[in-house]
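Colleague: Below is the structure I would like to discuss, written out as structure tokens.
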Amino acid sequence: MKLYEFVAKQLFRKYGIATPEGEVADTPESAAQIAGRLGRAVIKAQVLTGGRGKAGGIAPVTQSNALETAKRILGMSIRGLQVRKLLVEEDKSPEKELYLGITIDRGKRRPVLIASRLGGVDIEEAARKAPGSIIRTHIDPLAGLFDYQVRTVSRRLGTDVGDVAFRLYRLFIERDCTLAEINPLGVVADGSLCALDAKITVDDSALFRQPFMEEESGSPEAIAKKHGMSYVALDGNIGCIVNGAGLAMASMDLIKGFGGEPANFMDVRGGAGAEDVADALSIVTSNPNVRAVLVNIFGGITRCDEIAVGIRDFRRRMDIRLPVVVRLTGTGEAEARRLLLSTGVIAADSSEDGARQVVALAHQP
Amino acid sequence: MAQGRWWLLLISRDTRVIVQGMTGKAGSFQARQMLEFGTNIVAGVSPGRGGEEVHGVPVFDSVEEGVAETGADASVIFVPARSAADALFEADDAGIGLVVCITEGVPVKDTMRVCRYFEGRARLIGPNCPGITVPGECKIGIMPNGIHLPGRVGVVSRSGTLTYELVELLTRNGIGQSTSIGIGGDPVPGMSFLDALSLFEKDEKTDAVLLVGEIGGTSEEDAAGFIHKMSKPVIAYVVGITAPPEKTMGHAGAIISGRSGTAQDKIYALEKGGAMIASGPGDVVEKVKRTLAKN
């Protein structure tokens, strides 16, 4: 789960990492009021995506243009996300901008501290343009970050970041982060360090022990999650319902290979029953772009006959005309075929066959 | 590990298996499936339930007791995510040599700590994985019974149902498997593709390897460099070409972060490393068939 910048900065302050003084506003008037109090200020759109600066979602303001700027940014949408909150902060004008972040090196199975003199830019960009500027230090997840490691990083960086690095690591570990990033970490006039931006991603698997509030929303993603399924909306017109993430991605790729475009990713997970499939169908078909649906189930713990009952009941209840191609194999397969015989769904006998048929149906005028 | 046979791939019919979390719903159901497969399950472990029996197998309060009483050398874990790491540490401390963690949703911090603790000690497969199966010998995990056929193709995959689908397709086409390993869909896995390829290279029962990858991380790329050094052919199939960036595709580890972890990168690296790339399940069967015919 990604945290908003203002939430991440609250967390920074809790862990003793300095941030600019600032407040959150959700109306232009309150934003202007805060800016007036701060003097030289920056207004920053609070959305969970990168590229805010390039999109014009971050702007320095004066007393005279604060209201107008806040109004403009609150009306924006950045990469499809509506700006509903602003962070209004004092403008720190740092002398130097560094990068300091901790993430997980999946291959080495350890956290890695990354530092760079080239703060303020995308770290992947910096790594490509000037690979020598990136300092990487792997951290033993049992022993923690050592003094000597931080000394070495500070020496190579030319700035003592020891205190901030230790605080950031403590936050990273205690709050189950997969990313804790300060970019830029500003060196301000008096030589002190200040986290000018904050990016934190918390491990979804650790939310049971991390008291972060999940974003409440009625999005198909959120509804699917509530049902123990995983859904990701895409741009195409072929709905997909599959058990297992790997098989789901394989099905989407096959659809693409036959010239179609998947409308979504959906993994209904092992052991799904009749009601789960009906829920999955209603989530997938709630997308108005969907012209045909592929259900691809490899039965094991998931019983094909249960899935068939779900499809049959959904079609009876909803009276949908949408063509549905079903490929069921494994436990309860024969019974499933019998159940679906009179329902008008189209049977497929392999993943490839299912993908081919559903693409043809979606292309029909 | 059981003597004499475990050089094949980690397990055999002599492997003595403990089921941690056997009194739970999934643990008890899957223990029965494993018993029906022919796996030698010698003990279950559930704290506070020592002295009970599940499917005729004795349950102990701790792994240590289970090992002392039965000589178990492998363990499979079905305990809930919040206590999975504890169960893993317990297995390693009790001297278990191979631990398969089925549990999904283990925090990645816990897995990193477990991997560090296991270094030079127990071998870990998973978490969030379907386990390992040697057809006709032993199954530790949750792969369905009845889809495997003894043979000479090693299978290693990050997926569950996609693995079952491919294994079943191979079987239906008369192509048997030496060992199938699901390394799991988490960001930080115990066994990596590279580990599995090294094992298959050494395994006398394996003639060719099928590697099934997906978006996220660099496990496929890390293994690609090893393929050149192998004497055995590798067929690779990577899914997630249609996956958008920054979205988790079901598996916690299946996410394209920034510019890294795309299916295209993985396919490129694997092909450069000398693997044959399959475009879909049907093509996997064709390529494996052709490879075996050449050998």
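Colleague: Return the FRET efficiency for the residue pair residue A:334, residue B:247: r is the Cβ-Cβ distance, R0 is 41 Å, and the value is rounded to the nearest 0.05. List each step's numbers first, then the result.
Modeller: Numbers: r = 37 Å, r/R0 = 0.89.
Efficiency computed from Cβ-Cβ geometry: 0.65.
Colleague: Let me ask something additional. Once you average over the residues of A:102-114, how many Cβ atoms of partner chains fall within 10 Å of each Cβ? Each step should come with its number before you reach the end.
Modeller: Values: counts 0, 1, 7, 4, 16, 8, 4, 14, 5, 3, 0, 0, 0.
Neighbouring Cβ atoms belonging to other protein chains average 5 per residue here.
Colleague: What net charge do the residues around residue A:137 carry, taking every other residue with its C-beta under 11 Å from that of residue A:137, with Lys and Arg at +1 and Asp and Glu at -1?
Modeller: Numbers: positive: A:110, A:136, A:151, A:156; negative: A:105, A:140.
For residues surrounding residue A:137, the net value is +2.
Colleague: Label-point separation (nm) for residue A:353 and residue A:142, each offset 7 Å from Cα along Cα-to-Cβ?
Modeller: Once both label points are built, they end up 5.2 nm from each other.
Colleague: May I ask you to list the trypsin sites (Lys or Arg not before Pro) in region A:272-351 that are in a DSSP loop and have at most 11 other Cβ atoms within 10 Å of their Cβ?
Modeller: Passing sites in region A:272-351 are A:321.
Colleague: Excluding residue B:103 itself, what net charge comes from residues whose Cβ is under 12 Å from its Cβ, given Lys and Arg +1 and Asp and Glu -1?
Modeller: On the way: positive: B:82; negative: B:86, B:104, B:110, B:186.
Summing Lys and Arg as +1 and Asp and Glu as -1 gives -3.
Colleague: Compare the peptides A:72-81, B:273-282, B:249-258, B:127-136 by average per-residue count of other Cβ atoms within 10 angstrom and give them in order, highest first.
Modeller: Going from most to least packed, we get B:127-136, B:249-258, B:273-282, A:72-81.
Colleague: Further, regarding this structure: Compute the angle between helix A:28-38 and the longest alpha-carbon principal axis of chain A, please, reported from 0 to 90 degrees and rounded to the nearest 10.
Modeller: Between helix and principal axis, roughly 30 degrees.
Colleague: A further question follows. Hey, got a sec? Which trypsin sites (Lys or Arg not before Pro) in region B:57-156 land in a DSSP loop and have at most 14 other Cβ atoms within 10 Å? Provide the component values of the computation, followed by the final result.
Modeller: Values: sites: B:82, B:109, B:113, B:116, B:121, B:123, B:139, B:152; in loops: B:121.
Hits after loop and neighbour filter: B:121.
Colleague: Loop-only trypsin sites (Lys or Arg not before Pro) in region A:80-170, please: DSSP not H, G, I, E or B, and at most 15 other Cβ atoms within 10 Å. Mind dumping the intermediate values first?
Modeller: Details: sites: A:84, A:85, A:92, A:96, A:106, A:108, A:109, A:117, A:128, A:129, A:136, A:151, A:155, A:156, A:167, A:170; in loops: A:84, A:85, A:92, A:106, A:108, A:109, A:117.
Here the sparse-neighbourhood loop sites are A:84, A:108.
Colleague: Find out how many positive minus negative residues lie around residue A:87, taking Lys and Arg as positive, Asp and Glu as negative, among other residues whose Cβ is under 9 Å from that of residue A:87. Present the calculation step by step, with values, prior to reporting the outcome.
Modeller: Numbers: positive: A:9, A:44, A:85; negative: A:5, A:23, A:89.
Spelling it out: positives minus negatives among the neighbours equals 0.
Colleague: Hey, got the average number of other protein chain Cβ atoms within 10 angstrom for residues in A:237-247? Please list the in-between numbers first.
Modeller: Details: counts 0, 0, 0, 1, 0, 3, 3, 11, 19, 22, 11.
Mean number of neighbouring Cβ atoms from other chains: 6.
Colleague: Residues of B:112-121, mean number of Cβ from any other protein chain within 10 Å of their own Cβ, rounded to a whole number? Write down the numbers at each step before the final one.
Modeller: On the way: counts 12, 6, 3, 5, 6, 2, 1, 2, 0, 0.
Rounded to a whole number, the mean comes out at 4.
Colleague: Return the FRET efficiency for the residue pair residue A:156, residue A:130: r is the Cβ-Cβ distance, R0 is 22 Å, and the value is rounded to the nearest 0.05. Can you show the working numbers first?
Modeller: On the way: r = 14 Å, r/R0 = 0.62.
Here the calculated transfer efficiency is 0.95.
Colleague: List the lysines whose Cα lies under 20 Å from the Cα of residue B:287, skipping any in the same chain that are fewer than 8 positions away.
Modeller: Those lysines meeting the cut-off are B:205, B:232, B:266, B:272.
Colleague: Could you pull out which residues in region A:263-302 have an amide N less than 12 Å from a spot 7 Å beyond the Cα of residue A:364, following the Cα-Cβ vector?
Modeller: So the set is A:292-293.
Colleague: In chain A, once you exclude exposed GluC sites (Glu not before Pro) (DSSP loop, at most 15 other Cβ within 10 angstrom), what's the longest stretch remaining? Provide the component values of the computation, followed by the final result.
Modeller: Numbers: sites that count: A:21, A:95, A:214, A:215, A:216.
That gives A:217-365 as the longest site-free run.
Colleague: When the helix-only estimate is applied to the protein assembly as shown (DSSP H runs of n ≥ 4, each -39,500 (n - 2.57), divided by the residue count), what is the mean residue ellipticity at 222 nm, nearest 500 deg cm²/dmol? Working shown, then result.
Modeller: On the way: 21 runs with 229 residues, N = 660.
Mean residue ellipticity at 222 nm (helix-derived): -10500 deg cm²/dmol.
Each reported figure results from applying straightforward, stated rules to the coordinates on display, with no laboratory input. What you see is a predicted model; the values in this text were computed from it and never measured. Note that each Cβ is placed from the backbone with ideal geometry, even for glycine, and that neighbours are counted across all protein chains shown.
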